[in-house]
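Below is one structure, written out as structure tokens; the observations come after it.
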Amino acid sequence: MDLSIAFKNIERLIHLTQEEKEIFESLFEIYLIDKKEILLQEGQICKYEYFVLEGTLRSFYVDDFFIEHTTMFAIEGWWTGNLKSFVREVPSDFTIQAQERTKVIRIHKNKIEELYSRIPKFERYFRILLQNRLLATQDRVTKHLSSTASERYIQFINKYPEIEQRVSLKHIASYLGITPTYLSRLRRKRMQGDFLH
């Protein structure tokens with residue numbers, strides 16, 4: 001299997017020998033998901049951590065009024081899953097769905113411990129990932145509370161320009177906490193060079 005994108009991501013934080021790469025490869029499996037297919041259903045226990053090789057995933061939950069709220073997108077080179085469900089072995093409070101045909105590698109919870117045992121530096125790698133995930137979440141909450149809708153949209157397209165082209169408008173609006181109609185208006189204003197703040 002071609003894991004070059006995964007190894008490139010990993011090598012940003014830790015160096016792997018060829019033997020360690022082979023161990024890593026032996027503990028992961030490739031998993032293919034068709035567009036709109038569910039990778040993790042709300043209520044299921046998350047038993048895997050996923051790394052996206054190709055495609056786009058979206059995490060969301062449905063509120064008491066049956067409205068979807070997008071919490072995260074994941075594209076090539078990103079890890080995803082439900083950390084709370086994975087660590088505590090409790091039902092997931094959100095769903096992960098493919099937005100296009102997607103290829104991931106996944107590692108079962110039981111094999112994570114084996115990975116740490118055989119290649120201890122992976123504990124450091126995943127600790128740094130967890131710290132980065134927490135910082136990104138804190139940053140998103142702060143910006144969501146202190147920014148206007150148009151500022152959140154500009155921040156989103158500046159930070160994730162490739163995602164805007166790959167997911168539906170309604171899912172981006174859901175992520176930004178605005179209606180699709182209002183997002184359409186913001187996009188139109190942006191294209192006309194008359195952006196609202």
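A few remarks follow.
- Selection from the range 83-98 of residues that are at pLDDT 95 or above and within 12 Å of the chain's Cα centre (by Cα): T95, I96, Q97, A98
- Selection within the range 99-110: residues that are surrounded by fewer than 17 Cβ atoms within 10 Å (Cβ to Cβ) and not charged (D, E, K, R). The member of this set that is nearest to the chain's Cα centre (by Cα) is H108.
- Residues that are part of a helix (DSSP H, G or I) and within 18 Å of the chain's Cα centre (by Cα), drawn from the range 1-42: I5, A6, F7, K8, N9, I10
- Some residue of the range 86-97 being surrounded by fewer than 14 Cβ atoms within 10 Å (Cβ to Cβ) and of a type outside the set (D, E, K, R): yes
- Looking at the range 86-170, the helices (runs of 4 or more DSSP H) lying wholly inside it that each contain 2 or more residues that are touching a residue at least 60 places away in the same chain (Cβ under 8 Å) and in contact with a helix residue (DSSP H, G or I) (Cβ under 9 Å, 6 or more places away or on another chain) sit at 109-118, 121-146.
- All conditions in (1) in a helix (DSSP H, G or I); (2) surrounded by 14 or more Cβ atoms within 10 Å (Cβ to Cβ) hold for M72, with the sole exception of (1).
- Residues in the range 42-69 that are surrounded by fewer than 20 Cβ atoms within 10 Å (Cβ to Cβ) and of a type in the set (S, T, Y): 1 in all.
The values are calculated or read from the model by the stated rules, or taken from the named source; none is laboratory data. Keep in mind the model is a prediction, meaning the values are calculated, not measured. Note that we place each Cβ from the backbone using ideal geometry, even for glycine, and neighbour counts take in every protein chain shown.
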